[in-house]
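Student: My questions will all concern the structure given below.
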Amino acid sequence: MIEVRNLYKSFGDKEILKGVNLHLREGENLGILGKSGVGKSVLAKCIVRLIEPDYGEIKVLGKDIIRMKESELNKIRRDIGYLFQGGALYDSMSVRENLEFPIRRTQIASQRSEVDERVEQSLRSVGLLDAIDKMPSELSGGMKKRVGLARALILKPKVILYDEPTTGLDSVTSGEISELILKVQEEYKASSIIITHDMKCAKIATNRIKIIMDGNFKAEGTYDELSRSTDKEISAFFI
């Protein structure tokens, strides 16, 4: 679903990604685990070309996005759902209007009834249909994450990128969001990359984990496999 080869990205003299390789299998939730500031979010944004990599190859759904023109890139982005760290809702729009925005921009539905159906289905998937006419200022942090996820689902993507989906949430809400990610995997049959440093989320929501350190991946395996690692740098995540 996604293949990244030999990816490099620097900002000025600071090297962030140093030859990263990654492949996302069909139907799996792949966790990218690492401390803050190691390049997890940079990697996710490179995958959808919100950030331009310096060097390397990225294929999404078998297509080389590095060499794509903007018009081609926008088409493939319709198949990619992206949940930003803070939800990234438009403050001046209601929940309904936030979800309608990507539909109208991509023009995948024109009939009012079809737009309403997509919005309601996405909100129902995240358990927030009753918040459809609320403003973002009326929502809790967990509710904003859910609405952000509903918006990521609205175009029925084949791939979903979760950028720190539980950041800033309490332990209970974090667990609820992690369980919701599993529900989305089952319901939408999407393949997902989950960028996180939340071990609870990694344990609940992932099928496989890659740990990034110093600009590259240090280890790969399931949560249980990595938790038994004798490498001190790896085992430190599981203490």
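The values are calculated or read from the model by the stated rules, or taken from the named source; none is laboratory data. Small disclaimer: the values here were computed from a predicted structure and weren't measured. Cβ: placed from backbone, ideal geometry, glycine included. Neighbour counts: every protein chain shown.
Student: Go through I51, I80, I47, I76 for me and flag whichever is among the β-branched types (V, I, T) and farther than 16 Å from A152 by Cβ.
Tutor: Selected residue: I51, the only one of I51, I80, I47, I76 that is among the β-branched types (V, I, T) and farther than 16 Å from A152 by Cβ.
Student: Could you name every one of the strands (runs of 3 or more DSSP E) located completely within the range 158-231 that has at least 1 residues being in contact (Cβ under 8 Å) with a residue 12 or more places away in the chain, in contact with a Leu (Cβ under 8 Å, 6 or more places away or on another chain) and polar (S, T, N, Q)?
Tutor: Of the strands (runs of 3 or more DSSP E) lying wholly inside the range 158-231, those with at least 1 residues that are in contact (Cβ under 8 Å) with a residue 12 or more places away in the chain, in contact with a Leu (Cβ under 8 Å, 6 or more places away or on another chain) and polar (S, T, N, Q) span 191-196, 216-221.
Student: Return the total of residues in the range 133-152 being in a helix (DSSP H, G or I), within 14 Å of S94 (Cβ to Cβ), in contact (Cβ under 8 Å) with a residue 12 or more places away in the chain and of a type outside the set (V, I, T).
Tutor: Of the residues in that region, 6 qualify.
Student: Taking the criterion of being part of a loop (DSSP other than H, G, I, E, B), of a type in the set (D, E), surrounded by fewer than 17 Cβ atoms within 10 Å (Cβ to Cβ) and at pLDDT 85 or above, would at least one residue in the range 109-132 satisfy it? Show your work before the answer.
Tutor: Taking the range 109-132 first, the residues part of a loop (DSSP other than H, G, I, E, B) are 109-111, 126-128, 132.
Now restrict to residues that are of a type in the set (D, E): none.
Within the range 109-132, not a single residue is part of a loop (DSSP other than H, G, I, E, B), of a type in the set (D, E), surrounded by fewer than 17 Cβ atoms within 10 Å (Cβ to Cβ) and at pLDDT 85 or above.
Student: Among the residues of the range 41-83, what is the count of those that are free of Cβ contacts under 8 Å to residues at least 40 places away in the same chain, surrounded by 15 or more Cβ atoms within 10 Å (Cβ to Cβ), in a loop (DSSP other than H, G, I, E, B) and on the phi < 0 side of the Ramachandran plot?
Tutor: The number of residues fulfilling the criteria is 3.
Student: Sort through L155, L99 and tell me the only one that's touching a residue at least 40 places away in the same chain (Cβ under 8 Å), under 26 Å from G62 (Cα atoms) and in contact with a helix residue (DSSP H, G or I) (Cβ under 7 Å, 6 or more places away or on another chain).
Tutor: None of the others qualify; the one that does is L155.
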